[in-house]
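The values are calculated or read from the model by the stated rules, or taken from the named source; none is laboratory data. For clarity, every value in this text was computed on a predicted model and none was experimentally measured. Positions of Cβ are backbone-derived with ideal geometry, glycine not excepted, and every protein chain shown enters the neighbour counts. Protein only, heavy atoms only, side chains kept; ligands, DNA and RNA dropped before computing areas. Shrake-Rupley method; radii C 1.70, N 1.55, O 1.52, S 1.80 Å.
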Amino acid sequence: MHELETERLLLRRWRPEDRTPFAALNADPEVMRHFPALLTRRESDALADRIEAHIDHEGWGLWAMEVRATGAFIGFTGLARPGFEAPFMPAVEIGWRLAQPAWGQGFATEAAHASLRFAFEALELEQLVSLAVVANERSRAVMRRIGMRHDPGGDFDHPLVEPPHLRRHVLYRLRAVDWQRSR
Ligand SMILES: CC(C)(COP(=O)(O)OP(=O)(O)OC[C@H]1O[C@@H](n2cnc3c(N)ncnc32)[C@H](O)[C@@H]1OP(=O)(O)O)[C@@H](O)C(=O)NCCC(=O)NCCS
C-alpha cells in the first residue's frame, strides 16, 4: 500500500478511528451540498469500507488525509475508478472531500498535487479525469488549480444521481504530457 507525504499532510491508509470524524463530515449539509443526501453513520461506514477495499485491491485509492502537525483526520483525497458507465470510461478519477473546518487552507490542492504525481509517475497513467456537479465551484476551482481543463464535450448526466438539479456533471481532464510540460 502506497502512502504519500506532503509538506503539511499525510495521505495514508484508513484507521478505525477515522470513522467517527468521517461520519460527521458526511452528515454536514454544507459538505454534502452537491450530493443527493446526507449519509447516516451506517452509510458513511459502508463508504469507508468500499474505499478501503479499493485500496486493498489496487494499493492506492482515496487516501485518508491527516494534518501532520496535529494528527487530525480531515477527509480524503486521491484516485478511484468510477463505479458506473459513462462515455469517458474507462478512466481513473481524482477526487476530494474535506471537513468544513479544513477548507480554505489549500489542503485539497496540496493533496491533489501529490496524487497527480503518484498517478503519472508511479502508475504511469496517461490521463486523469475529475467530475463534479456543475454548480460545485469549489471543487472545480481545485481542478483548475492543479492544471485540469474542462472538456465540455465530456459533460454528462450521472446515471446514479436521481435529483435532476444534481444530475448534470462537468468533466475535467489532465493528460500526463500536459502535466509534465507544466512543471
Ligand atoms: C471541494 C473541496 C475539497 C475544496 O476545498 P477548498 O478548501 O476550497 O480547496 P483547497 O483545500 O484547495 O483550498 C483552497 C482555498 O484555500 C486558500 N489557501 C490558503 N492557503 C493555501 C495554500 N497554501 N495553497 C493553496 N490555497 C491556499 C486558497 O486561496 C483557496 O481559498 P478560496 O476558496 O477562498 O479561494 C471542499 O469544498 C469540499 O470538501 N467540498 C465538499 C465535498 C465535495 O464537494 N467534493 C467534491 C466532489 S466533486
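State whether the residues of region 94-102 include one that is open to solvent by 50 Å² or more (accessible area, probe 1.4 Å), among the polar types (S, T, N, Q) and away from the ligand (no atom under 11 Å from the Cβ). I'd like the intermediate steps shown before the answer.
Our first condition is that a residue be open to solvent by 50 Å² or more (accessible area, probe 1.4 Å); within region 94-102, this holds for 100-101.
Within this subset, residues satisfying the condition of being among the polar types (S, T, N, Q) are 100.
Checking the rest, the ones that are also away from the ligand (no atom under 11 Å from the Cβ) come to none.
Within region 94-102, not a single residue is open to solvent by 50 Å² or more (accessible area, probe 1.4 Å), among the polar types (S, T, N, Q) and away from the ligand (no atom under 11 Å from the Cβ).
Could you please give the count of residues in region 80-93 that are more than 14 Å from ARG175 (Cα to Cα) and either open to solvent by less than 70 Å² (accessible area, probe 1.4 Å) or under 16 Å from the mean Cα position of the chain (by Cα) (or both)?
If we filter region 80-93 for residues that are more than 14 Å from ARG175 (Cα to Cα), which is where we start, we get 80-87, 89-90.
With either open to solvent by less than 70 Å² (accessible area, probe 1.4 Å) or under 16 Å from the mean Cα position of the chain (by Cα) (or both) added as a condition, the list becomes 80-84, 86, 89.
Going through region 80-93 one residue at a time, the tally reaches 7.
Of all residues being away from the ligand (no atom under 12 Å from the Cβ) and touching a helix residue (DSSP H, G or I) at 6+ places or on another chain (Cβ under 7 Å) in region 23-37, which is farthest from ASP157 (Cα to Cα)? Just the residue, please.
Start the filter on region 23-37 by keeping residues that are away from the ligand (no atom under 12 Å from the Cβ), which leaves 23-24, 27, 36-37.
Remaining after also requiring touching a helix residue (DSSP H, G or I) at 6+ places or on another chain (Cβ under 7 Å): 23, 36.
Values: ALA23: 27, PRO36: 14 Å.
So, considering only residues that are away from the ligand (no atom under 12 Å from the Cβ) and touching a helix residue (DSSP H, G or I) at 6+ places or on another chain (Cβ under 7 Å), the one farthest from ASP157 (Cα to Cα) is ALA23.
Considering only region 119-131, I want to know if a residue exists there that is of a type in the set (D, E, K, R) and surrounded by 19 or more Cβ atoms within 10 Å (Cβ to Cβ). So that I can check it myself, show each step before the final result.
Taking region 119-131 and keeping what is of a type in the set (D, E, K, R), we get 121, 124, 126.
Add one more test, that the residue is surrounded by 19 or more Cβ atoms within 10 Å (Cβ to Cβ), and what stays is none.
So far as region 119-131 goes, no, none of its residues is of a type in the set (D, E, K, R) and surrounded by 19 or more Cβ atoms within 10 Å (Cβ to Cβ).
Could you grab me the full set of residues in region 134-147 that are closer than 21 Å to PRO163 by Cβ and more than 7 Å from the ligand (Cβ to nearest atom)?
Let us first name the residues in region 134-147 that are closer than 21 Å to PRO163 by Cβ, namely 134-140.
Scanning region 134-147 gives VAL134, ALA135, GLU137, ARG140.
Pick from region 34-72 the residues that are without any contact (Cβ under 8 Å) to a residue 12 or more places away in the chain and among the basic types (Lys, Arg): which of them is nearest to GLN100 (Cα to Cα)?
Checking each candidate, the answer is ARG42.
List every residue pair whose Cβ atoms lie under 6 Å apart, where the two residues are 6 or more positions apart in sequence or sit on different chains, the first residue falls within region 115-143 and is in contact (Cβ under 8 Å) with a residue 12 or more places away in the chain, and the second residue, located anywhere, is aliphatic (A, V, I, L, M) and open to solvent by 30 Å² or more (accessible area, probe 1.4 Å).
Final answer for the pair search is ALA119/LEU125.
GLY154 is checked against (1) of a type in the set (Gly, Ala, Ser); (2) buried (at least 16 other Cβ atoms within 10 Å of the Cβ); (3) under 23 Å from VAL31 (Cβ atoms) and fails just one. What number does that condition carry?
(3)
Under 7 Å between Cβ atoms, which residue pairs at least 6 apart in sequence (or on different chains) link something in region 90-113 that is free of Cβ contacts under 8 Å to residues at least 12 places away in the same chain with a partner that is near the ligand (Cβ under 8 Å from one of its atoms) and open to solvent by 20 Å² or more (accessible area, probe 1.4 Å)?
If the second residue must be near the ligand (Cβ under 8 Å from one of its atoms) and open to solvent by 20 Å² or more (accessible area, probe 1.4 Å), no pairs are left.
Residues of region 6-43 being polar (S, T, N, Q), part of a loop (DSSP other than H, G, I, E, B) and surrounded by fewer than 14 Cβ atoms within 10 Å (Cβ to Cβ), which ones?
Step one: filter region 6-43 for residues polar (S, T, N, Q), giving 6, 20, 26, 40.
If we keep only those that are part of a loop (DSSP other than H, G, I, E, B) too, we end up with 6, 40.
Correct list: THR40 only.
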